[in-house]
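Novice: This is the structure, below, for whatever I ask next.
The values are calculated or read from the model by the stated rules, or taken from the named source; none is laboratory data. As the structure is a computational prediction, the values presented were derived from the model and not from experiment. Here the Cβ positions follow ideal geometry from the backbone for every residue, glycine too, while neighbour counts run over all protein chains shown. When the accessible area is computed, the model is the full protein with side chains, heavy atoms only, and any ligands, DNA or RNA have been set aside. Shrake-Rupley method; radii C 1.70, N 1.55, O 1.52, S 1.80 Å.
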Amino acid sequence: MRIFVNEFCGHPFQIQLSRELVIRGHEVEHVYFSGNTSTPKGAVEAASTSNHLNISGLNIKRAFEKHSIRSRRASDIEYGMVVADAVSKFKPDVVLSANMPLDAQRILLKAARKQNAKFIYWLQDVYSMAVRFVLARKQKFLANIGGAYYESLEKKLLRESDSIVCISDSFVDYVKNWGIEESKIHLIENWSPLDEITPMSKDNPWARESGVADKFCFMYSGTLGMKHRPELLLHLAKHLNETREAILIVNAAGAGADWLRDQTKDLSPEAFRLQPFQPYERLSEVMAAADVLIALLDSDAGSFAVPSKTLSYLCAGRAVLMAAPNVNQAARVIRAAKAGLLVSPDSPEDFVAAAREFIDKPDQRIAHAQQARAYAERNFNIRYIADRFLNLIQA
């Protein structure tokens, strides 16, 4: 079959799925938005092992301003038109679309219908809830208007899709409550590529280059928006600046990273460092330099977002410190894996106390790290995951 995979962010696990689909004998066109620099990319530049796979970073003419109320919608529409043009050229049998803004998703779905292609909506976020969350922090009167518009659009697009892949059971509940036909709703949880992020020694080239091979290191790696509660990182950074018994490294971009940069100018680089995204091909080294990896999510964002970075953390085989609501899918995974400590995102004191527990109890930290990788090896088998997607694609 000819399969078109559109993944707005360029995440590594979706790219891994495309590669596996090619191994199964299908022809795949995989596209992502290269102009979205606020999210780290997977192995998008890696040479293809088959002429049946093409990975393309698409772009738009206008500057992409992710957090601009004025220009974001226009950018999304333009990107939708660019992807629709790629669909018309590839002429797929199936379109699988993830992380796509709704204004762009509407254009893409129409393009798929023109090609008589099946459309599979890969629901990575409940987009309309995310819109309400963001607008409520900027202009509250817009939150209700924008939220209502995008909820109506999201429901419409879900109804018109042939299949819906939800990444958590809470998403399944939302979609069902919206009156979507249950027979086309499927639960497939996210994963991370086991062979691309592997456990390594803490004493590795990246750690030595960064001067942390022999120093206790907390690390946050990935997109850092305001929904990720960057103020928790600030509390920990200030604590470490006083005690000097560990360092916090944040490899990130986004609105939260910009805020954190302004708040930490007076902190010692021996206690806190804010750096850009690190090269994906070195991510195993980067995460291995950490003793503890950090994941964060606002209480109000727990129902519509699932931070995929936690799954990469599991592959890296490191203990995880997570501040997130208990109901969040990623939090449930960390708890099920026994991979670390989970605290409320509303308590900076508990967050710092949990960080201290990792420092003070090395045996417990090592056990969490081992359990993290063991969980990933049990659950992230790409052959089994691809089977589940192919059951939908070929139905």
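Novice: Lysines near Lys184 by alpha-carbon distance under 22 Å, same-chain residues fewer than 8 away left out - which ones?
Specialist: Cross-link targets: Lys110, Lys114, Lys118, Lys155, Lys156, Lys176.
Novice: Treat the chain as a sphere of radius equal to its Kirkwood radius over Cα pairs and apply Stokes-Einstein at 25 °C in a medium of 0.890 mPa s; give the translational diffusion coefficient in µm²/s, rounded to a whole number.
Specialist: Calculated translational D: 114 µm²/s.
Novice: Let me ask something else about it. Please list 3J(HN,Hα) in residue order for segment 278-287, calculated via the Karplus relation 6.51 cos²θ - 1.76 cosθ + 1.60 where θ = phi - 60°; whole Hz, with x for glycine and proline.
Specialist: 8, x, 4, 5, 10, 5, 4, 4, 4, 5
Novice: Which value at 222 nm does the chain reach when only helices count, each DSSP H run of 4 or more adding -39,500 (n - 2.57), with the total divided by all residues and rounded to the nearest 500 deg cm²/dmol?
Specialist: That calculation yields -14000 deg cm²/dmol at 222 nm.
Novice: Identify all lysines with a Cα-Cα distance to Lys215 below 26 Å; exclude those on the same chain that are fewer than 8 residues away in sequence.
Specialist: Qualifying lysines at Cα under 26 Å: Lys202, Lys238, Lys265, Lys309, Lys338, Lys361.
Novice: For segment 272-395, what D do you get in µm² per second when you plug the Kirkwood radius from alpha-carbon pairs into Stokes-Einstein at 25 °C and 0.890 mPa s?
Specialist: 158 µm²/s
Novice: How large is the translational diffusion coefficient of segment 242-319 in µm² per second when you combine the Kirkwood radius over alpha carbon pairs with Stokes-Einstein at 20 °C and 1.002 mPa s?
Specialist: For these conditions, the coefficient is 151 µm²/s.
Novice: Using the 2.2 N^0.38 Å rule of thumb for compact globular proteins, work out how segment 182-265 stacks up: its C-alpha Rg over that value, please.
Specialist: Compactness ratio reported: 1.44.
Novice: Can you give the FRET efficiency to the nearest 0.05 for Trp178 and Arg72, using r as the Cβ-Cβ distance and R₀ = 35 Å?
Specialist: 0.90
Novice: Roughly how many nanometres apart are two label points built 7 Å out from the Cα toward the Cβ at Asp363 and Leu390?
Specialist: Here the modelled spin labels are 4.7 nm apart.
Novice: Ignoring ligands, DNA and RNA, what percent of the accessible area of the chain is carbon or sulfur (1.4 Å)?
Specialist: Ligands and nucleic acids excluded, carbon and sulfur reach 49 percent.
Novice: Given 0.36 nm per residue, what is the gain on full extension from Ser88 to Glu270 after removing their alpha carbon distance, in nm?
Specialist: So the chain would gain 60.2 nm between Ser88 and Glu270.
Novice: Show Tyr384, Tyr121, Tyr127, Tyr150 ordered by accessible area, largest first, where the area counts protein heavy atoms only and the probe is 1.4 Å.
Specialist: Descending accessible area places them as Tyr384, Tyr127, Tyr150, Tyr121.
Novice: Right, here's the next one. With a 1.4 Å probe and every protein chain left in place, work out the accessible area per residue of segment 147-266 in Å², rounded to a whole number.
Specialist: For segment 147-266, the per-residue accessible area is 42 Å².
Novice: Still on this structure, please answer the following. Name the long-range amide H neighbours of Leu187: under 5 Å, sequence gap of 5 or more, or other chain; modelled H, no Pro or chain starts.
Specialist: Cys166
Novice: Here's a follow-up. Near Lys91, which aspartates and glutamates are there with a Cα under 17 Å away, not counting those fewer than 8 places off in the same chain?
Specialist: Straight-line reach from Lys91, under 17 Å: Glu27, Glu29.
Novice: Could you state, as a whole-number percent, how many of the C-alpha pairs of segment 78-150 are farther apart than 16 Å?
Specialist: Roughly 53 percent, once rounded to a whole number.
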